[in-house]
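Presented below is the structure to which this report refers.
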Amino acid sequence: MKTYFVQIAIDIPLFKLFEYSWNSEQLGQEPEIGLIVEIEFGKKKVSGIVYEINSESISKKENSAYTIKEVIQISPCPRIKDAELKLFQFASKYYLRPIGEVVFSSIPSDWKKPVNWPKLQKSIKKKENLGIKEAIREPLTLTFNEEQDKAIEALINLSKEGKYSITFLKGITGSGKTAVYLEWIKRITEDTAKQCLVLVPEINLTPQLEQTVKNICIGKEVVILHSNLTPSERNYAWWKIQNGVGQIIVGTRLSVFTPIKNLSAIVIDEEHDNSYKQQDGMRYSARDVAIWRAADLKIPVLLCSATPSLETWDKVLKKKIDLLSLSKRAKPGATIPSIEIIDIKNEVNQSKFKNLGLCDYTLEEIKKTALRKKQSLIFINRRGYAPILTCHACNWKSECKNCSTWQVFHKISGKNKKPMLQCHHCGLIERIPEACPECGNQDLRHLGVGTQSIEENIEKTLQELRILRIDTDVTRSKGSAEELFQKIHQQEVDVVVGTQMLSKGHDFSNVETVVVVDIDKSLYSYDFRATEKMYAQLVQVAGRGGRGDNLENSKIIIQTAFPEHKIFNAIKDENLYEFYNELLEERKIAQLPPFSYQALVMAESKNQTMNEEVLKGLKNFLENIGNKNNGCIIYDPVPRSIQRVSGVERTQVLLESTDRKKLQTCLEKILDYAEAQKSKNRSIRIIIERDPISF
Ligand code: ADP
Ligand code: ZN
Ligand code: ZN
């Protein structure tokens with residue numbers, strides 16, 4: 001046994017490895033790449049990962065006065081394997097983040113702290129001996145329809161081939177996509193030690209999923225991973241997955257980086273969903289990382305959706321992704337609701353409509369639905385009472401002090417249920433001014449509608465109905481969303497008013513009428529993805545209707561002043577293809593994704609002018625080093641769509657290229673520039689984002 005020199009990556013935002021010495025005798029083993037160890041960094045004891053091993057010191061060579069510290073101990077957590085290290089290296093390079101940061105984002109925070117190691121090891125050995133006793137379950141067996149059978153068979157054949165494949169399962173809402181992919185992973189894990197990863201958008205919104213998975217995959221250890229787990233739940237889950245005990249992993253985006261011993265297939269449910277994109281720190285797309293991981297491990301990956309992202313659909317058209325489809329609702333008796341686009345052009349300026357947010361026809365239909373003992377669901381994508389408070393005398397508006405947005409008027413706010421103004425960006429909460437802060441006028445009015453006002457309006461106009469509101473204001477506390485959803489399932493309410501929390505995954509058996517209000521602003525938006533996003537949302541919400549028996553009258557009512565917009569025609573599934581082709585054609589003409597690749601370079605500081613100067617400097621820098629004709633378009637610096645958040649001014653430069661490699665080269669140069677700027681000016685933050693989805 002001898003002494004080595006190891007290069008260690010640490011969880012800090014620096015692109016640098018640190019050298020330590022490794023005394024094999026003291027540590028009890030030779031060094032291995034991927035081992036997690038304790039080291040002293042500055043004055044702190046932290047964990048790091050062994051990234052390189054040398055028999056001679058590198059830093060001594062460069063600087064003989066350098067003192068090299070020793071690795072203190074090896075962590076009891078399993079070594080990060082080569083395949084995972086490769087995954088982290090890819091993410092580090094592609095998303096331009098230091099390797100240490102990427103590695104440690106995959107490790108639960110408790111495991112990162114060396115002081116916890118003895119305790120953690122002990123607590124897991126307890127658990128191991130006890131063995132977790134699962135409740136005895138009734139197996140859920142379905143008789144699959146022809147389309148489902150065909151899809152399952154095709155998928156099983158793919159997993160038998162033992163190579164990388166990418167398949168898209170297109171199916172209307174309720175067509176049995178979940179049932180298909182669960183049957184697939186059940187078969188893969190049957191009588192083997194194989195593990196499967198199922199990525200889902202937001203697990204808290206789909207509490208039924210956990211039960212469904214457990215009922216189908218009986219006898220298999222199902223591990224659920226999301227950011228709301230307690231630290232000890234997360235530690236144990238992570239440990240089980242890494243040791244191959246947890247065979248079926250269902251998790252949100254963060255689980256895409258989890259080390260998995262025998263990963264054999266990946267499913268990405270609702271692949272179009274924006275919550276797969278991390279919007280801070282390492283701004284990765286879990287969908288894209290998952291696909292990379294599957295390709296690297298040579299395993300199949302399945303994407304599912306009723307409304308694929310245009311990126312995915314384009315690849316289906318180009319035959320880079322195989323297509324499987326389900327065209328009917330799976331449950332016998334389920335119906336596909338009819339769609340009614342209600343033109344509210346004439347109502348828009350009437351004060352009655354402005355106050356209610358719902359037209360007479362809609363109210364009448366909600367009432368009729370309740371008389372038939374069925375439920376209505378009203379979807380509005382804004383919580384609070386009204387998006388803005390304003391003075392009619394001087395035009396003052398409730399602008400947030402910290403952000404370039406309006407504070408939302410909440411009629412019921414906090415524990416005391418008092419009216420307040422709330423900023424949905426920085427969280428600032430303020431009392432309602434008694435008079436206009438500008439002119440003293442006492443007649444302040446709210447404009448527009450939100451979940452609270454729709455709830456109140458129905459309470460007033462349809463007094464006999466039982467109403468429930470579901471938005472994050474109601475469901476702050478853990479578990480309470482589930483209780484609220486139970487009320488819907490148990491027919492304790494006639495009308496549900498809620499945000500997009502209502503739209504995903506729920507299988508309500510008695511919802512006959514679905515109403516969509518207040519969507520017009522997003523129909524004509526500066527954001528080139530707005531139509532695609534709105535379309536996916538509409539189809540999801542519409543999909544909550546007609547899912548049970550005796551819902552022949554089921555309908556989707558959409559209130560809009562733009563009934564001629566092409567999005568409405570496309571909600572009928574048979575028109576989807578034409579609509580997607582049109583959107584793709586538009587993108588192609590404009591050379592927007594998926595016909596080009598984008599990245600954002602963002603500057604954040606208290607000073608907009610400084611941001612702009614730094615970004616102008618960056619643009620010049622790139623052009624001077626010859627990027628002008630290098631296949632990357634570099635746009636001028638502009639303020640972000642919400643320029644100021646929490647007092648921070650935000651500016652961006654957009655980069656675009658039809659060649660991913662050229663974009664990569666350009667971004668790596670920017671990284672150098674950003675590092676140099678950082679050391680010159682500590683008050684500015686420069687952030688790089690690949691494949692941005694909002695601007
Ligand atoms: P999706 O994922 O496409 O929205 P699900 O797989 O959740 O659809 O199926 C919707 C509903 O239909 C669920 O209640 C599910 O149990 C049921 N279901 C799925 N397949 C079948 C089948 N072959 N026979 C009967 N019910 C089915
Ligand atoms: Zn005023
Ligand atoms: Zn604010």
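Bear in mind that the values in this text are calculations on the coordinates, not laboratory data. Just so you know, these numbers come straight off a predicted model, no measurement behind them. Note that each Cβ is placed from the backbone with ideal geometry, even for glycine, and that neighbours are counted across all protein chains shown.
Filter the cross-link list Lys69/Lys680; Lys45/Lys125; Lys401/Lys669; Lys331/Lys374 down to pairs whose alpha-carbon distance in this structure exceeds 28 Å.
Lys69/Lys680; Lys401/Lys669
Label Tyr164 and Gln73 with points 7 Å out from Cα along Cα→Cβ: what is the distance between them in nm?
In this crude label model, Tyr164 to Gln73 measures out at 4.1 nm.
Given Lys367/Lys533; Lys368/Lys397; Lys112/Lys277; Lys194/Lys533; Lys112/Lys662, which pairs have Cα atoms separated by over 28 Å?
Distance filter (> 28 Å) returns Lys367/Lys533; Lys368/Lys397; Lys194/Lys533; Lys112/Lys662.
At a Förster distance of 60 Å, what's the computed FRET efficiency of Lys373 paired with Glu430, Cβ-Cβ distance as r, to 0.05? Intermediate results must be reported in sequence, preceding the final value.
Working: r = 44 Å, r/R0 = 0.73.
So the FRET efficiency works out to roughly 0.85.
Which part of the stretch 310-324 falls in the paramagnetic zone of Phe595, meaning amide N under 17 Å from the point 7 Å along Cα-to-beta-carbon?
In the stretch 310-324, the label zone of Phe595 (backbone N under 17 Å from the point 7 Å along Cα→Cβ) covers 310-318.
Mind checking which aspartates and glutamates have their Cα closer than 13 Å to the Cα of Lys352? Skip sequence neighbours fewer than 8 apart in that chain.
Asp360
Using only Cα atoms, tell me the angle between helix 576-590 and the longest principal axis of the chain; keep it within 0 to 90° and round to the nearest 10.
That works out to roughly 60 degrees.
Percent of Cα-Cα pairs per 20 Å bin, from 0 to the last occupied bin, for the chain, please list those.
With a bin width of 20 Å, the distribution comes to 15, 46, 33, 5, 0.
Please give the length that would be gained between Asp322 and Arg685 if that part of the chain were fully extended, namely 0.36 nm times their separation in residues minus their C-alpha to C-alpha distance (nm, one decimal).
126.5 nm
What shape does the stretch 388-481 take by its C-alpha gyration tensor, where a ≥ b ≥ c are the square roots of the eigenvalues and a/c under 1.5 counts as rounded, a/b above b/c as prolate, and the rest as oblate?
It comes out oblate by the Cα gyration axes.
Which angle between 0 and 90 degrees, to the nearest 10, do you get for helix 360-371 versus the longest principal axis of the chain when only C-alpha atoms count?
Its long axis makes an angle of about 80 degrees.
With a 10 Å radius around each residue's Cβ, average the other Cβ atoms per peptide and rank 165-175, 276-286, highest first.
Per-residue mean Cβ counts within 10 Å order the peptides as 165-175, 276-286.
Among rounded, prolate and oblate, which fits the stretch 3-130 when a ≥ b ≥ c are the square roots of the eigenvalues of its C-alpha gyration tensor, a/c under 1.5 means rounded, and a/b larger than b/c means prolate?
It comes out oblate by the Cα gyration axes.
Within the set of other residues whose C-beta is less than 15 Å from the C-beta of Lys504, count the net charge using Lys and Arg as +1 and Asp and Glu as -1.
On the way: positive: Lys177, Arg253, Lys533, Arg544, Arg547; negative: Glu202, Glu210, Asp269, Glu270, Glu271, Asp273, Asp471, Glu482, Asp507.
That works out to -4.
Which angle between 0 and 90 degrees, to the nearest 10, do you get for helix 177-189 versus the longest principal axis of the chain when only C-alpha atoms count?
30 degrees
Can you tell me the FRET efficiency between Asn624 and Leu363 if r is taken as the Cβ-Cβ distance and R0 is 45 Å, rounded to the nearest 0.05? If you can, show how the numbers build up before the last one.
Working: r = 64 Å, r/R0 = 1.42.
It comes to 0.10.
Calculate, for Glu675 and Glu30, the FRET efficiency according to 1/(1 + (r/R0)^6) with r their C-beta to C-beta distance and R0 51 Å; round to the nearest 0.05.
Values: r = 35 Å, r/R0 = 0.68.
Between Glu675 and Glu30 the formula returns 0.90.
Give me the number: length gained by fully extending Ser404 to Gln491, i.e. 0.36 nm times residue separation minus the C-alpha to C-alpha distance, one decimal in nm.
Taking 0.36 nm per residue and subtracting the Cα distance, the gain is 27.1 nm.
How much length, in nm to one decimal, is gained on full extension between Leu447 and Ser109, taken as 0.36 nm per residue of separation minus their Cα-Cα distance?
So the chain would gain 117.3 nm between Leu447 and Ser109.
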